[in-house]
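So the structure is just underneath, and the comments pick up after that.
The values are calculated or read from the model by the stated rules, or taken from the named source; none is laboratory data. Predicted model only: the values in this text are computed from it and were never measured. All Cβ positions, glycine included, derive from the backbone under ideal geometry; neighbour counts span all protein chains shown. Ligands, DNA and RNA are stripped out before the accessible areas are found, and what is left, the full protein with its side chains, is counted by its heavy atoms. Shrake-Rupley method; radii C 1.70, N 1.55, O 1.52, S 1.80 Å.
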Amino acid sequence: MQSPAGTNAPEADLAEVEMHKATIDAANNASDPRAAQLSMEAKTIQGQLYKLKPWTYAQLALLGLILLLFLTWHWQLVLVVLALLIPTLGKLLLWWQKNPERCPLDHVLSSYCLGLFVLAVPAMATALIAFVLAFWILVIIFFSLPLPEALSLLLVFLGCWGVFCLIEDLWHVSALRRQNRRRAHHHRGPTAQRKAGAAYAAATAVGYATAQCVALTCIVTAFMDGHSAFELHDERRHSKYGTITPNEGFFLFVLALIFTWYWLPLRLMCSHLLALEVARNDAAAQQAGNAQPPACCSCDDVCPATAAGQMCGHRCSGFWTVIAWPLTLRTL
């Protein structure tokens with residue numbers, strides 16, 4: 001694949017990052033007469049927004065379109081979603097601005113959108129399907145045993161939630177490794193690659209955690225569309241179907257605060273643990289002389305045919321090492 005300038009794609013991507021770092025170095029040089037202009041161009045959010053790629057612009061425009069669709073449904077939902085987006089995306093932008101020489105802002109925002117759209121939709125959809133299948137299987141198993149009904153319900157819930165988290169982590173680890181491999185050529189040297197990989201993984205985790213909280217908020221809003229238990233008695237008599245009463249709106253904001261203060265930090269912490277374990281395992285594999293880091297848990301064409309079973313066993317063991325702590329934290 002050739003770029004318009006005649007260089008191949010990996011060289012063009014590497015040149016983009018090197019040019020970004022060179023611009024920041026020039027901006028830090030007080031004797032350079034262009035220092036102020038270059039600083040505005042490379043070290044500020046406003047200057048970097050003009051350098052976003054078309055695909056990143058398209059994803060941000062999609063986010064704006066989704067907010068407009070939410071507005072046509074319930075204006076309260078838009079306020080709650082903004083209360084989830086502004087702290088996460090704003091904090092991510094401020095975090096990039098503290099160390100802008102690590103990578104261009106476009107890479108951080110594209111990683112955020114990767115977690116918000118590309119990863120969240122298939123991960124949550126397949127995890128939900130697995131949750132439903134596990135529910136019926138576990139109901140048949142536990143309710144056929146001589147156990148108290150409350151204990152059986154608790155075991156079914158924990159089992160279903162554990163399956164849901166496991167499927168999510170399968171997608172998450174796979175996406176992190178795929179992203180690290182796809183962007184490794186953007187940076188020169190393993191140290192720069194690991195630092196940038198940590199930034200990309202953090203941005204992806206923020207995007208995915210935000211998407212999950214927005215999905216939970218939409219589920220609660222859909223539940224409040226009808227006559228819910230959050231309505232007061234007088235509101236239930238006078239409210240129309242498909243509207244959110246003031247009392248329901250209050251509880252919607254309270255639940256959003258719970259998502260923001262508890263669920264979002266927990267999800268980000270577990271995602272950060274996943275990213276650290278993936279980076280640590282890949283770095284250990286590279287230091288051991290394995291040029292291709294182990295995949296998630298699948299025997300693909302990287303596996304030698306003569307030792308496919310053994311390689312798959314090592315990969316399953318390595319994958320469990322990566323997800324053990326995050327999965328345990330989120331399940332319990």
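Among the residues of region 155-171, at least one is more than 30 Å from LEU69 (Cα to Cα) and surrounded by fewer than 14 Cβ atoms within 10 Å (Cβ to Cβ). Applying a threshold of 7 Å to beta carbon distances and a minimum spacing of six or more residues, or different chains, the list of pairs starting in region 189-217 at a residue that is open to solvent by 10 Å² or more (accessible area, probe 1.4 Å) and ending at one that is in a helix (DSSP H, G or I) and hydroxyl-bearing (Ser, Thr, Tyr) reads VAL206/THR88; VAL206/TYR112. Among the residues of region 41-94, those that are of a type in the set (D, E, K, R) and over 21 Å from VAL206 (Cα atoms) comprise GLU41, LYS43, LYS51. Mind counting the residues in region 141-151 that are farther than 20 Å from ALA130 by Cβ and part of a helix (DSSP H, G or I)? Summing the residues that are farther than 20 Å from ALA130 by Cβ and part of a helix (DSSP H, G or I) in region 141-151 gives 3. Residues that are in contact with a helix residue (DSSP H, G or I) (Cβ under 6 Å, 6 or more places away or on another chain) and either not in a helix (DSSP H, G or I) or not aliphatic (A, V, I, L, M) (or both) within region 118-139 comprise THR126, PHE131, PHE135, listed in sequence order.
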